[in-house]
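Participant: Structure incoming, see below.
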Amino acid sequence: MIPLPFIVVLILVLYLLSSIKILAEYERGVIFRLGRVLDRPKGPGLILVFQPIDRIVRVSLRLETMEVPAQDIVTRDNVTVKVNAVVFFRVLDPQRAVLEVTNFLYTTSQLAQTTLRSILGEVELDELLSQREKLNVRLQGVLDQDTGPWGIKVVKVEVKQVDLPDMMVRAIARQAEAERERRAKIIHAEGEYLAAEKLAMAAATIQKEPVAIQLRYLQTLVEIGSEKNTTVVFPLPVDIFTSLTKVLNGIARDGAA
C-alpha cells in the first residue's frame, strides 16, 4: 500500500509541473490572481501559473495583418464604390489590450471598417483614385489615435482595391480618351507652329540670296535621280505663275481698252 505522504508529494509535484508555462519571445502573459491583474505581464520564457488561483491571457506582440472587408462607400460626389483595405498593427501594452477591450482584434476590425467608410466618404472619386497615399496616412492617423488607449499601435493602413461600377469605368475611359485627344491636338498645333517659324526663317534667308533657290532645285533633282526613276519632275517657282498672271491681266486690260 502506497504511503499517504508519498501521494501528497506526488500530487504537489504534478501540480507544480502543470503550473509551468512557457511563453515564446514574442508572447506576454497577463496574469489574473484571484480576479486582480498583476502589475506587470510575465514572459518570455518559463513562468508559473498556479491554477485555479491564477488565470493567464496570452498576448502576441508580433505585427498583426488584418484585412478590412469590402465596404460600400458613397463618395462626396455621389459615386458608389466598393473599397477594401489592409491594416497593420501591433500590441504595445498587453495589459491595457486585455483590460480595456473584450477582444482587441474584433474591436480593431470593426473600428477600421467604420473609419474607412467615414473618411473615404468625405472625399471625391478623383481624390480617392489619385491621392491614395494621402488617404492612407489619414486613415492610419485616425485609427492610431482611437486604438492608442487600448495599448495598440497602428503601423500602416493601405487601401487595397477600389471597385468602380461599369458605367463609371466607361465614363472614366471616355474622359481619358478625350484628354489624350486634347493633348495630341495641342502637340500637333505646336509642331505646326514651330514648322511655320522655321519655314519663315528659311524664306527670309532665300529672299536675301536668290541663288539659294536654284541650288535647292538642283539638290532636289539629284535626290530624284538617285532613286533611279524614269520620270523627272522639274519644280517651277511660284513667282513664275505670279508674273504670268500679271502679264495676262495687263493684256486683258489692253484688249478691253
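What follows draws every value from the coordinates through simple rules; no lab data is involved. Keep in mind the model is a prediction, meaning the values are calculated, not measured. Methodologically, a virtual Cβ is constructed for each residue, glycine included, from the backbone with ideal geometry; neighbour enumeration extends over all protein chains shown.
Participant: Using the charge dipole of the chain (Lys, Arg: +1 at Cβ; Asp, Glu: -1 at Cβ; taken about the Cα centre), state which of P41, Q207, P149 has its Cα farthest towards the positive end.
Facilitator: P41
Participant: Using alpha-carbon pairs under 8 Å, 6+ residues apart, how would you state the relative contact order of the chain in percent?
Facilitator: Working: 282 pairs, mean separation 34.7, N = 257.
The value is 14 percent.
Participant: Continuing with the same structure: Apply the a/c threshold of 1.5 to the C-alpha gyration tensor of segment 4-60 and tell me whether it is rounded, prolate or oblate.
Facilitator: Verdict is oblate for segment 4-60.
Participant: What aspartates and glutamates does K198 reach when the alpha-carbon gap must be under 15 Å and sequence neighbours fewer than 8 apart in one chain are set aside?
Facilitator: Output for K198: E190.
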